[in-house]
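> Sharing a structure with you now.
The values are calculated or read from the model by the stated rules, or taken from the named source; none is laboratory data. All values reported here derive from a predicted model rather than from experimental measurement. Positions of Cβ are backbone-derived with ideal geometry, glycine not excepted, and every protein chain shown enters the neighbour counts. Note: areas computed on protein heavy atoms with side chains; ligands, DNA, RNA excluded. Shrake-Rupley method; radii C 1.70, N 1.55, O 1.52, S 1.80 Å.
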Amino acid sequence: MQLTGAQILIECLKEQGVDTVFGYPGGAILNVYDELYKHRDEIRHILTSHEQGASHAADGYARSTGKVGVCFATSGPGATNLVTGIATAYMDSIPLVAITCNVNVPLLGKDSFQEIDIAGITTPITKHNFIVKDVDDLAKILRRAFTIARKGRPGPVLVDIPKDVTANKADYTPEQIRMPERVTQRLRQEDMDRAIRYIKEAKKPYIFVGGGVILSDATQELREFVEKVQAPVCDSLMGKGAFDGTDPKYTGMLGMHGTKTSNYGVSECDLLLAIGVRFSDRVIGNAEKFAKQADIIQIDVDPAEINKNIIVTASVIGDIKVVLAKMNAQLEPQRHDEWLAHVGQLKQQYPMTYHPQELCGPYMIEKIYEKTKGDAIIVTEVGQHQMWAAQYYKYTRPRHFLTSGGLGTMGYGLGAAIGAKTANPDRTVINIAGDGCFRMNMNEIATAVRQKLPLIQVVVNNHVLGMVRQWQDLFYEERYSATVLRDAVDFVKLAEAMGARGIRVTTREAFDAALEQALAADGPVVLDCIIDSDDKVWPMVAPGAPISEAFSEEDLNK
């Protein structure tokens, strides 16, 4: 049957099981929005306050569900406003399809009004991108875009469609969509045999878990693997929830703001099993001194990650769910009681602590964990509050901690929380932000109000750019250049102006009461939580130092 390009686009979205799109209309994409209006009972459209909010919302939708997130934008500045969100998804391997519309094909390359080469701009930050100049190619390209976004190591794909292509007609034939198979082409039995041999020879193994385990839906296989190896487990920021954070074998995050237990334990182990991690600089510290006493085995779906940041002893390349299932079938249970006991002593010797009286970030995170019984979807911006949310909330399941790990995008969280709440209406969704981050995309509170989304926005308000100030405190002799935010901005009044409820708290007791109110509310609530400007994230590893040199506030005061 003959359909317009806009109709083909909507039909292809329905084929892919898309039920929600986040976006912002404009002239070049009007044909698509007109067709979307006719299908509003099948595909929900969330109008955000800014295109960046749409890209982050699609990201949060994808992270919380495992589905492909979809966002729309018009040409020119509409398309460029998606770029930060696309890059955020790319750095964390999040499946996303961004659909933009451009000027008519004859006007391309002529500096036409609101024309931009968005395909060229996004080439370094997408798995692939397309510009569709012929309506006959549209359905094929859209289907391919979703396949690429999902397959292997996921990631964002951009499809740019000139306006006349959305108006032109072509034959359209519906197709039954099949999910891509798990990537195993480079999985070799000899690689698994070698890894198992190292596991059997190890006396002090440690398992380091990253976001790849979550993306592969391999949490059950990981649990079995941990029990087979009988080893302690640490994780990266992106790996939160891949392994149960309440399990006795769990030792916390690894790296710059990881626990001393994890940093010291990895520095002592004789075998490091790195599963679905990319060895970020914030994790490994000084690369030349990272786990030098250990053999390192890396398991990853992406061969480009092998030996990229850390030279490993051996590797297994393939989908993590498949790899772990095969290795579990071959691996006999190991015993490392003495090593586990030693790591348990490290946990007792180096507990996570904070100041006992004042309202502070760690207290708020622990109280949120207590009141939500560990079952909330926690979203964060980037900075001190992000680290506290990673350190003090115990994540027991995947897809319950959404944060920008690779790009470190301030302004990510509120849009992502809207996406997560839209996808999970029965879940408590809480975005935790510093006041600096909240300022960047706080306009999305209006989106949450318009959509009647009862999400909670916690602003950890220290009136400074906290993490940057922490570095200025420790490494720049307290020269607070451009990090002080003591102005007249009132987040409570701002929330009320956009239709949400705002509550300011300055004490622990007030926070407890406000959190109870927010959890019972039927609309968005902003908690403006005033803490000390000098609160810091501990432990810490200085930039360029080995992770074995993690230090705490007590160490500085000795």
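> Protein chains only, probe 1.4 Å: how do 257, 50 rank by accessible area, largest first?
50, 257
> Setting aside same-chain residues fewer than 8 positions from residue 67, which lysines have a Cα under 18 Å from its Cα?
14, 127, 151, 321, 421
> Once Lys and Arg get +1 and Asp and Glu get -1 on their Cβ, which of 351, 265, 317 lies farthest toward the positive end of the dipole of region 224-380?
Farthest towards the positive pole: 351.
> Okay, next question. Considering the Cα positions of the chain, please state its Rg to one decimal place and its Dmax as a whole number of Å.
According to the Cα coordinates of the chain, Rg and Dmax are 24.0, 78 Å.
> If you take every DSSP beta bridge fully contained in region 2-171, what fraction is antiparallel? Give it as a percent rounded to 5.
Counting only bridges with both partners in region 2-171, antiparallel ones make up about 10 percent.
> Using a 1.4 angstrom probe and counting only protein chains, how large is the accessible area of residue 115 in Å², to 10?
40 Å²
> A further question on this structure: Can you list the GluC sites (Glu not before Pro) in region 1-75 that are in a DSSP coil and have 14 or fewer other beta carbons within 10 angstrom?
Sparse-neighbourhood loop GluC sites (Glu not before Pro): 42.
> With the crude spin-label approximation of a point 7 Å out along Cα→Cβ, what separation in nm comes out for residue 137 versus residue 292?
Result: 5.3 nm between the two label points.
> Put +1 on the Cβ of every Lys and Arg and -1 on every Asp and Glu Cβ in the chain; which of 429, 27, 185 then has its Cα farthest towards the positive end of the dipole?
Projecting each Cα onto the dipole axis, the largest value belongs to 185.
> Sequence-distant or interchain residues sharing an amide H contact under 5 Å with residue 379, placed H: which?
When sequence neighbours closer than 5 places are left aside, the close amide H contacts are 402, 430, 431, 432.
> What percent does the relative contact order of the chain come to when contacts are Cα pairs within less than 8 Å and at least six residues apart?
Computed value for the chain: 14 percent relative contact order.
> Find the percent of Cα-Cα distances in region 189-349 that exceed 28 Å, and round it to a whole number.
It works out to 9 percent of all Cα pairs.
> Efficiency by 1/(1 + (r/R0)^6): what FRET value for residue 311 and residue 334, r their Cβ-Cβ distance, R0 = 22 Å, to the nearest 0.05?
0.30
> Additional query: Rank-order 183-195, 222-234 by packing density, defined as the average count of other C-beta atoms within 10 Å over each peptide's residues, highest first.
With the highest mean Cβ count within 10 Å placed first, the list reads 222-234, 183-195.
> When we measure straight from the Cα of residue 203, which lysines land under 24 angstrom away, once same-chain ones fewer than 8 places off are left out?
Straight-line reach from residue 203, under 24 Å: 228, 249, 260, 289, 292, 326, 347.
> Taking the solvent-accessible surface of protein heavy atoms with a 1.4 Å probe, what is the per residue accessible area of region 2-171 in Å²?
Value returned for region 2-171: 36 Å² of accessible area per residue.
> Continuing with this model, one more query. Within the chain, what percent of beta bridges assigned by DSSP are antiparallel, to the nearest 5?
10 percent
> For region 134-191, what is the relative contact order in percent, using Cα pairs closer than 8 Å and at least 6 residues apart in sequence?
Relative contact order, region 134-191: 41 percent.
> Could you check the simple spin-label distance between residue 510 and residue 117, using points 7 Å along Cα→Cβ, in nm with one decimal?
If labels sit at residue 510 and residue 117, their model points lie 5.4 nm apart.
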